[in-house]
Amino acid sequence: MADEAVVGQTQQTPGIPGTVPAQPQPTESSQTMPATATSSQAPTQAPAASSAPQGGGQKKFFEYVSLDKDGKRVKGSMSAYTKEEVVQSVVSRGLSIISIDEVSGLFSLERLKEINIGGVPLDEKVIFMKQIAIMINAGLSVTRALEVLSFQAQNPRFKAVLKESYKLVSGGVSLSDAFGKFPDAFDSIAVSLIRAGEQSGNLDKIFRKLATEYQNRKQLQGKIQGALAYPAVITTLMVGVVIFLMLFVVPQLQQAFEEFGAELPLITKIVIGLSNILIHYWYIVIVLIVSIVVAFRYFISTPQGDRLWQKMWITIPVFGPLNVKIQTANFARILYLLISSGVPILQGLDLTEAAMTNIWFKDEVADMREQVKRGIPIAQPLMQSANFPLILGYMVNVGQETGKLDEVLKKVSKYYDIEIKAASKALSTILEPILLIVMGVVVGGIVVAVYLPMFQLTQQIQ
């Protein structure tokens with residue numbers, strides 16, 4: 001509340017976006033600082049601002065958020081005795097204060113809480129979009145809705161984003177521009193749709209569409225994760241069993257074989273050799289694995305390596321068809337969302353290109369946009385595409401001829417969502433027996449290698 005008290009004393013100054021805080025009651029050497037203070041005025045304020053308060057005291061560490069003359073958000077920090085001192089220092093540089101927060105040291109608990117690995121959860125975004133749509137539809141102002149929802153947010157990072165957005169909107173910044181300053185929480189598609197909603201006056205409808213979009217993304221992630229969950233468990237179990245056998249079972253049997261002086265088969269020698277490497281040269285194994293991972297990551301970080309890697313994922317059996325359907329569904333759903341919200345087709349294609357996760361499909365959409373710029377119907381490059389299914393081009397062509405492109409894209413996205421669900425189930429069904437066979441061969445091979453010499457010894461004794 002103390003922060004809001006300082007920031008709340010504001011006055012509008014023409015030519016400077018946002019609000020400019022009024023100065024505290026003047027003392028013997030202080031005076032009101034105008035928002036457009038020049039560098040020549042700043043030194044006259046410095047003695048009053050930098051002098052320690054009566055009775056002594058320690059300097060505190062403050063963080064502030066401000067706007068420059070172009071409306072850009074500027075963050076900073078400084079040590080000072082009071083918040084008024086921070087206000088004078090920031091305003092003297094031609095900035096407009098949005099907020100000032102006292103920080104207990106460089107590494108505060110609140111700042112650590114805002115560290116969010118993996119971004120804002122989709123569930124959190126869905127709840128926010130639904131709630132703000134209801135509030136706006138009920139007649140609440142955007143600022144009031146943001147204020148309420150910022151207290152209800154569960155994710156620390158998202159809570160901080162909503163609080164900052166509330167301060168920006170309260171200072172005169174549009175909602176889309178405020179959200180655009182936090183790309184980790186609101187992507188370019190969401191920002192463009194919100195901007196279109198602000199211009200058309202249908203902001204509540206836009207938020208409902210975004211809620212549906214985030215729900216679809218969440219469901220798609222769930223389908224893919226569900227399809228890969230069982231194979232991942234089987235693979236982990238297989239690796240665990242192999243490591244256990246190689247580290248604990250094989251060494252004990254190796255001692256028994258050496259005591260009997262038996263001639264070991266080739267497969268047993270190989271297994272014992274691998275076991276000795278894991279036991280005595282484990283550090284070399286770790287270095288080798290890390291080196292392979294680092295080399296692979298470097299390879300796919302290069303343009304050529306990235307293209308080869310992503311090409312593999314849309315062409316290999318089993319996974320390839322599923323990835324093509326995912327990219328097609330994303331294209332149709334996002335373009336429908338943008339067009340139906342009033343976003344121009346060229347801007348819609350530009351945003352759709354940015355949203356595509358496979359570089360080969362990004363290139364297709366980029367080429368599509370260039371052809372549409374030249375007046376070519378969007379259906380033509382789709383029908384000539386080497387990656388998009390041919391049916392998509394024919395469906396889009398029908399939509400353009402009937403003037404219902406957005407409706408056709410919506411139906412196409414729903415169709416491919418059903419296809420993805422079926423393909424995910426088929427993927428799990430195909431991978432399960434394959435992994436079980438691989439696990440049986442690997443584990444069975446180790447067991448045969450271990451027990452084959454025992455059978456030979458038994459025959460020799462008989």
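The values are calculated or read from the model by the stated rules, or taken from the named source; none is laboratory data. Nothing here was measured: the structure is a model prediction, and the numbers come from that model. Please note: Cβ atoms are built from the backbone with ideal geometry, for glycine as well, and neighbour counts cover all protein chains shown.
Would you confirm whether any residue within the stretch 235-243 is of a type outside the set (A, V, I, L, M) and touching a helix residue (DSSP H, G or I) at 6+ places or on another chain (Cβ under 9 Å)?
Yes, the conditions are met somewhere in the stretch 235-243.
Would you confirm whether or not the stretch 264-272 contains a residue that is of a type in the set (A, V, I, L, M, F, W, C) and not in a helix (DSSP H, G or I)?
Yes, there is a match, as at least one residue in the stretch 264-272 is of a type in the set (A, V, I, L, M, F, W, C) and not in a helix (DSSP H, G or I).
Suppose the filter is outside the structural domain of SER188 (by TED's automatic domain parsing), among the β-branched types (Val, Ile, Thr) and within 30 Å of LYS130 (Cβ to Cβ); does ILE224 pass it?
yes
Considering only the stretch 163-182, I want to know if a residue exists there that is among the acidic types (Asp, Glu), outside the structural domain of VAL438 (by TED's automatic domain parsing) and more than 17 Å from the chain's Cα centre (by Cα).
Yes, because at least one residue in the stretch 163-182 is among the acidic types (Asp, Glu), outside the structural domain of VAL438 (by TED's automatic domain parsing) and more than 17 Å from the chain's Cα centre (by Cα).
Would it be correct to say that GLU401 is without any contact (Cβ under 8 Å) to a residue 12 or more places away in the chain, within 30 Å of SER301 (Cα to Cα), surrounded by fewer than 17 Cβ atoms within 10 Å (Cβ to Cβ) and of a type outside the set (A, V, I, L, M, F, W, C)?
no
Test LYS159 against the criterion of being basic (Lys, Arg), touching a helix residue (DSSP H, G or I) at 6+ places or on another chain (Cβ under 7 Å) and surrounded by 17 or more Cβ atoms within 10 Å (Cβ to Cβ), and give yes or no.
For LYS159, the condition - basic (Lys, Arg), touching a helix residue (DSSP H, G or I) at 6+ places or on another chain (Cβ under 7 Å) and surrounded by 17 or more Cβ atoms within 10 Å (Cβ to Cβ) - is met.
When the stretch 418-456 is examined, which residues are found to be touching a residue at least 60 places away in the same chain (Cβ under 8 Å), within 38 Å of the chain's Cα centre (by Cα) and under 30 Å from LEU264 (Cα atoms)?
LEU435, LEU436, VAL438, MET439, VAL442
Here's the yes/no breakdown for (1) among the polar types (S, T, N, Q); (2) in contact with a Ser or Thr (Cβ under 6 Å, 6 or more places away or on another chain):
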| site | (1), (2) |
| --- | --- |
| GLN131 | yes, no |
| PRO156 | no, no |
| ALA178 | no, yes |
| VAL191 | no, yes |
| GLY197 | no, no |
| ASN202 | yes, no |
| LEU210 | no, no |
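Within the stretch 69-101, track down each residue that is at pLDDT 80 or above, closer than 24 Å to GLY172 by Cβ and outside any strand (DSSP E or B).
Correct list: LYS83, GLU84, VAL86, VAL87, GLN88, SER89, VAL90, VAL91, SER92, ARG93, GLY94, LEU95.
Among the helices (runs of 4 or more DSSP H) lying completely within the stretch 330-422, list those that include at least 3 residues that are over 23 Å from LYS205 (Cα atoms) and at pLDDT below 90.
Passing ranges: none, list empty.
Check the stretch 320-329 and report whether any residue there is of a type in the set (A, V, I, L, M, F, W, C), more than 30 Å from VAL408 (Cβ to Cβ) and in the same structural domain as LEU382 (by TED's automatic domain parsing).
Among the residues of the stretch 320-329, not one is of a type in the set (A, V, I, L, M, F, W, C), more than 30 Å from VAL408 (Cβ to Cβ) and in the same structural domain as LEU382 (by TED's automatic domain parsing), which makes the answer no.
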